[in-house]
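Throughout, read-outs are computed from the coordinates displayed, never taken from laboratory work. Owing to the predicted nature of the structure, the values given are computational and were not obtained by experimental measurement. With ideal geometry, Cβ positions are generated from the backbone for all residues, glycine too; neighbour counts draw on all protein chains shown.
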2 protein chains.
Amino acid sequence: MSKSLADDIVGRLKFTADGLIPAVAQQYDTGEMLMLAWMNADAVRETLATGRVCYWSRSKGRLWRKGETSGQVQVLKEFRWDCDEDTVLLLVDQTGVACHTGRHNCFFHAARDGGIRVIAEPEADPEALYGSKP
Amino acid sequence: MSKSLADDIVGRLKFTADGLIPAVAQQYDTGEMLMLAWMNADAVRETLATGRVCYWSRSKGRLWRKGETSGQVQVLKEFRWDCDEDTVLLLVDQTGVACHTGRHNCFFHAARDGGIRVIAEPEADPEALYGSKP
């Protein structure tokens with residue numbers, strides 16, 4: 001994508017006072033909700049420029065190229081945003097698993113059958129993905 | 001749902017310093033990403049108690065029972081949350097349209113074909129939904 005188009009998009013997005021915007025990642029072909037993370041303007045620009053999703057890690061305080069350690073990258077299929085221009089929807093193709101626990105997506109807690117249930121099991125070993133327990 | 005289970009869930013969720021948590025609504029059967037809004041603890045409790053989605057309106061500074069004016073309610077199908085317990089995923093059955101613009105979902109801006117495109121048109125008239133332009 002051209003730099004000027006990326007600049008136009010960044011100019012329209014409404015970032016928080018901390019310079020962040022929530023970004024929801026959805027698997028483009030199955031509709032599976034994978035995760036929610038945060039982007040800053042640089043993360044948006046890098047994602048649009050490279051076609052690989054880059055977030056802002058609030059815990060690390062730096063750009064976080066999804067999969068940089070684990071190899072579980074997200075290839076951008078389409079960049080969308082909402083009516084209020086304060087939320088991003090990333091349609092992606094997820095390599096492997098999205099969740100740092102080794103589960104395919106992060107939303108594995110559910111209120112179901114009168115209790116709190118874990119509704120998905122890890123498909124990958126976090127130690128193998130990260131070299132140590134995350 | 002029992003009050004004690006709802007209390008357990010609220011106790012696990014990590015709210016921001018403002019007492020809020022982002023909540024993503026997805027149409028339960030089609031996988032369509034509808035919107036992102038915010039909940040506080042009371043909104044979570046009311047949603048779990050009634051089975052109808054209630055958010056916290058940051059602009060109005062009060063509970064916002066989705067569809068209270070427009071009739072475009074969200075019936076809760078399942079309440080999920082993520083690995084970090086700081087994001088909610090609401091699987092819902094959306095009545096009518098989710099977006100205040102009359103579009104079926106809020107994510108109608110896209111970077112596509114070298115430009116910024118509006119990829120969905122209103123299916124309902126906002127004036128009819130709200131009695132005036134929102």
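General remarks:
- Residues of region A:102-123 satisfying the condition of being facing chain B (nearest Cβ under 8 Å), surrounded by fewer than 18 Cβ atoms within 10 Å (Cβ to Cβ) and not small (Gly, Ala, Ser): A:Arg112, A:Ile116, A:Ile119
- Enumeration of residues in region A:45-69 that are among the small types (Gly, Ala, Ser) and within 14 Å of chain B (Cβ to nearest Cβ): A:Ala49, A:Gly51, A:Ser57, A:Ser59
- If only residues of region B:87-134 that are of a type in the set (Gly, Ala, Ser) and in contact (Cβ under 8 Å) with a residue 12 or more places away in the chain are counted, the one that is nearest to B:Leu20 (Cα to Cα) is B:Ala98.
- Count - residues of region B:72-101 that are closer than 18 Å to A:Arg80 by Cβ and more than 10 Å from chain A (Cβ to nearest Cβ): 2
- Hey, B:Val75 of a type in the set (A, V, I, L, M, F, W, C), crowded, with 18+ Cβ neighbours inside 10 Å and in contact (Cβ under 8 Å) with a residue 24 or more places away in the chain or not: no
- B:Met33 vs. criteria more than 7 Å from chain A (Cβ to nearest Cβ), aliphatic (A, V, I, L, M) and under 14 Å from the mean Cα position of the chain (by Cα): no
- A search for C-beta distances below 6 Å between a residue of region B:29-58 that is under 12 Å from B:Val92 (Cβ atoms) and any residue that is assigned to a strand (DSSP E or B) and small (Gly, Ala, Ser), counting only pairs 6+ apart in sequence or on different chains, returns B:Leu34/B:Ala25; B:Met35/B:Ala25; B:Ala37/B:Ala23; B:Tyr55/B:Ala37.
- Cβ-Cβ under 8 Å pairs, at least 6 apart or on other chains, region B:1-12 side surrounded by 16 or more Cβ atoms within 10 Å (Cβ to Cβ), far side assigned to a helix (DSSP H, G or I) and of a type in the set (Gly, Ala, Ser): B:Met1/B:Ala49; B:Ala6/B:Ala49; B:Val10/B:Ala41
- Candidates B:Ala120, B:Ala98, B:Ala111 - the one that is touching an Asp or Glu at 6+ places or on another chain (Cβ under 8 Å) and among the aliphatic types (A, V, I, L, M): B:Ala111
- All positions within region A:1-57 that are assigned to a strand (DSSP E or B) and charged (D, E, K, R): A:Arg52
- For region A:63-72, the criterion of being without any contact (Cβ under 8 Å) to a residue 60 or more places away in the chain, surrounded by 21 or more Cβ atoms within 10 Å (Cβ to Cβ) and in a loop (DSSP other than H, G, I, E, B) is met by at least one residue.
- Looking only at region A:102-134, and only at residues there that are part of a loop (DSSP other than H, G, I, E, B) and of a type in the set (Lys, Arg), the one that is nearest to B:Asp86 (Cα to Cα): A:Arg103
- Counted residues, region B:73-92 - those being assigned to a strand (DSSP E or B) and over 11 Å from the mean Cα position of the chain (by Cα): 5
- Scanning region B:124-134 for residues that are exposed (fewer than 12 other Cβ atoms within 10 Å of the Cβ) and not basic (Lys, Arg) yields B:Asp125, B:Glu127, B:Ala128, B:Gly131, B:Ser132.
- Of all residues in region B:19-56, exactly one satisfies the criterion of being under 17 Å from A:Pro22 (Cα atoms) and either among the charged types (D, E, K, R) or surrounded by fewer than 16 Cβ atoms within 10 Å (Cβ to Cβ) (or both), namely B:Gly19.
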